[in-house]
Every structure is written in structure tokens, then in C-alpha cells.
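Here the structure is laid out as C-alpha cells; the discussion comes afterwards.
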Amino acid sequence: MNHVTAAAQHRFTVNLSILFGELPLLERPAAAAAAGFTAAELWWPFGTDPTPDQDELDALATAFETAGVQLTGLNLLDDLARGARGTLSLPAESERFRENLPVAVRLAERLGTGALNALYGNRLPDADPAEQDALALENLALAAHAAHGIGAVLLIEALNSAESPDYPLVSAQAAVDVVDKVNAATGLGNARFLCDLYHLARNGEDPAAVIDRHADRIGHVQIADTPGRNEPGTGDLDFEDLFARLTAAGYRGRIGLEYRPAGGVSADSFGWLPCELR
């Protein structure tokens, strides 16, 4: 199976918080459509604001609807741009997370979004880790119920310790353990593992082994090559093998393109993926 054939077994979604970042947010869905994509995902796009004005939400939704692009995934309140890695385990931010949840869910429901990504939040030097974990489980259960109400899954992601040194979930097993706790707490079964192959590789894990071991927990996959977080073909990962393993493991969801274009121009970074596969 060659690289393109392996990719042809999957559907893709482009992360518009990192790709097409050279354009204003409201222009990115149309740019994705012009590049051949019909699906996109976003980090929380309103910075630190958990409850943006309705006109801002409407403008974003309209940009997707006009472009004919489905929003397939949305991060709950996180503000990654300022180093935050989620808010749900932070005592001082928990209320803002809960304020954000119904806003994010309404936007997701309008745009047919099937996945909400709940980043866990950094460890705090003045907080008890056990208390942070208890708060995280409480808020993740709320989020799982909210996602279930619109037929969505709740994603829990492992990040890499080099870029997120205070984030506690820096292995696939750590994230899967939280997934299992949330599902046990809610009985819903809609918490899933976000398998980001870039973060796993940066952590020194074998992405292929993670796919094989945790296939039944995977709710979404994201990719970037390592170590530069650029498009496939610019680094060390064997995407031919990884795509084939995902197929063999029964993964039928989309694969999120969450990379920085090596040349700085997003539209020029898709040569590895033929237009008909986007």
C-alpha cells in the first residue's frame, strides 16, 4: 500500500486554528473550501472569552455555512495562544469553563459538530493535584453529558511534555485512564481518546503501538510530522504505515490536519494529499 493509497482509506479535516492562520479567522473556512476541504476543526476561537457576543458566534457560524464547510471538532475554552492548556481542572477557571460549555455546545450543534475537545488544564504549583483531578472529573462529566445531548463525543487529549511541561496527561495511557474514569462516572460511554500522533511521537511513544493498543478508545486522530510539527513528509513519521494501521484497527473517523505549513503558506502545504482525498 503506497502513501496515497493508505490516505485514501480516510477522510480529513483541517484545523483552522493552526492552518490558514495567515488569514483572518472568518476568511479561513472559505480558504479551506478553496483548497478542496469540506470539513474543519477549531481550537476555542474567542481567546479567553467563554461567552462571546451572539453576533460574533453568528459571524463564525455563517462563515462556515457560506463556505459549505462542516465544523467537525471544537475545543472547549482553552486559549492555547497564551499557554493555557484547558481550564477544567483549574479551581479559579472552573466557573468560566462551565459558562463556556453551553455556548460551545450550541455552536457545535448549529454546525453539526460531532466532537468536543476538553483539554485537561495545567498543573498549578499552589494546588493539590488530587483536588485538580477531582475537579477535572466533575467538569468532564458535565461536558460528557452536554456533548451527549447533541450526539457528540467528548475528546481527551495527551499533549507532549516538551511544549506543555505543566500538562499532566503526557502519555496515551494517562489520557485513556481519564477517558475510562469519565465513562465510568457518567455511564454514557461517549468520552474518547484524542490520538494526536505528533504529540505521542514528541513524547517518545511509538504511535503505531498506541494505535494498536488503544484502538477501541480512539475517538479522533490528529497529525503533524515530527519534530517540526509541519506537514507529512517533512519529518520522521511513517504516515503510510500509520494510516494503514488506523484502517486495520477499524478507525473510520476523520483525521485532523493540525500542522504548521513548512513554507508558511497553508495552501501550498497540501501537496502530500491529492485534492480528491481532501
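The values are calculated or read from the model by the stated rules, or taken from the named source; none is laboratory data. In this text the structure is predicted, and so the values were computed from the model without any measurement. Every residue, glycine among them, receives a Cβ derived from its backbone with ideal geometry; neighbour counts consider all protein chains shown.
Structure notes:
- Within the range 26-42, the set of residues being under 16 Å from Gly73 (Cβ atoms) and free of Cβ contacts under 8 Å to residues at least 60 places away in the same chain comprises Arg28, Pro29, Ala32, Ala40, Leu42.
- In the set (1) more than 19 Å from Arg96 (Cβ to Cβ); (2) part of a loop (DSSP other than H, G, I, E, B); (3) without any contact (Cβ under 8 Å) to a residue 40 or more places away in the chain, the condition left unmet by Ala63 is number (2).
- Sub-7 Å Cβ pairs linking a first residue in the range 242-262 that is at pLDDT 95 or above and among the aromatic types (Phe, Trp, Tyr) to a second residue that is surrounded by 20 or more Cβ atoms within 10 Å (Cβ to Cβ) and in a helix (DSSP H, G or I), at least 6 apart or interchain, are Phe243/Ala7, ordered by first then second residue.
- Scan of the range 223-241 for residues that are assigned to a loop (DSSP other than H, G, I, E, B) and surrounded by fewer than 18 Cβ atoms within 10 Å (Cβ to Cβ), ordered by number: Pro227, Gly228, Gly233, Asp236, Asp238
- Applying the condition of being more than 16 Å from the chain's Cα centre (by Cα) and part of a loop (DSSP other than H, G, I, E, B) to the range 1-20 and asking which residue is modelled with the highest pLDDT yields Phe20.
- Filtered by the rule that a residue be in contact with a Leu (Cβ under 9 Å, 6 or more places away or on another chain) and either at pLDDT below 95 or polar (S, T, N, Q) (or both), the range 179-216 gives Thr186, Asn190, Asn203.
- When Leu188 is tested against (1) closer than 23 Å to Leu16 by Cβ; (2) touching a His at 6+ places or on another chain (Cβ under 6 Å); (3) of a type in the set (A, V, I, L, M, F, W, C), only condition (1) is not met.
- Residue in the range 4-22 that is in contact with a strand residue (DSSP E or B) (Cβ under 6 Å, 6 or more places away or on another chain) and free of Cβ contacts under 8 Å to residues at least 40 places away in the same chain present: yes
- Filter result for the condition that a residue is buried (at least 24 other Cβ atoms within 10 Å of the Cβ), closer than 17 Å to Gly47 by Cβ and without any contact (Cβ under 8 Å) to a residue 60 or more places away in the chain, over Leu119, Leu76, Leu107: Leu119
- For the range 207-254, taking the residues that are of a type in the set (Ser, Thr, Tyr) and closer than 28 Å to Asp180 by Cα, the one that is farthest from the chain's Cα centre (by Cα) is identified as Thr247.
- Number of residues in the range 66-107 that are more than 24 Å from Phe193 (Cβ to Cβ) and in a helix (DSSP H, G or I): the value is 10.
- Residue count, the range 108-138 (criterion: outside any loop (DSSP other than H, G, I, E, B) and within 19 Å of Leu57 (Cα to Cα)): 6
- Residues that are among the basic types (Lys, Arg) and touching a residue at least 60 places away in the same chain (Cβ under 8 Å), drawn from the range 214-241: none
- Residues considered: Ala141, Ala175. Of these, the only one that is more than 18 Å from Gly83 (Cα to Cα), assigned to a helix (DSSP H, G or I) and touching a helix residue (DSSP H, G or I) at 6+ places or on another chain (Cβ under 6 Å) is Ala141.
For every residue, the table says whether it meets (1) of a type in the set (Phe, Trp, Tyr); (2) surrounded by 16 or more Cβ atoms within 10 Å (Cβ to Cβ); (3) over 18 Å from Ala8 (Cα atoms); (4) touching a strand residue (DSSP E or B) at 6+ places or on another chain (Cβ under 7 Å).
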| residue | (1), (2), (3), (4) |
| --- | --- |
| Gly189 | no, no, yes, no |
| Val221 | no, yes, no, yes |
| Phe243 | yes, yes, no, no |
| Ala248 | no, no, no, no |
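- Test: residue in the range 217-233 that is farther than 24 Å from Ser266 by Cβ, in contact with a Leu (Cβ under 9 Å, 6 or more places away or on another chain) and of a type in the set (Gly, Ala, Ser): yes
- Flag if Asn190 is under 20 Å from the mean Cα position of the chain (by Cα) and within 27 Å of Asp166 (Cβ to Cβ): no
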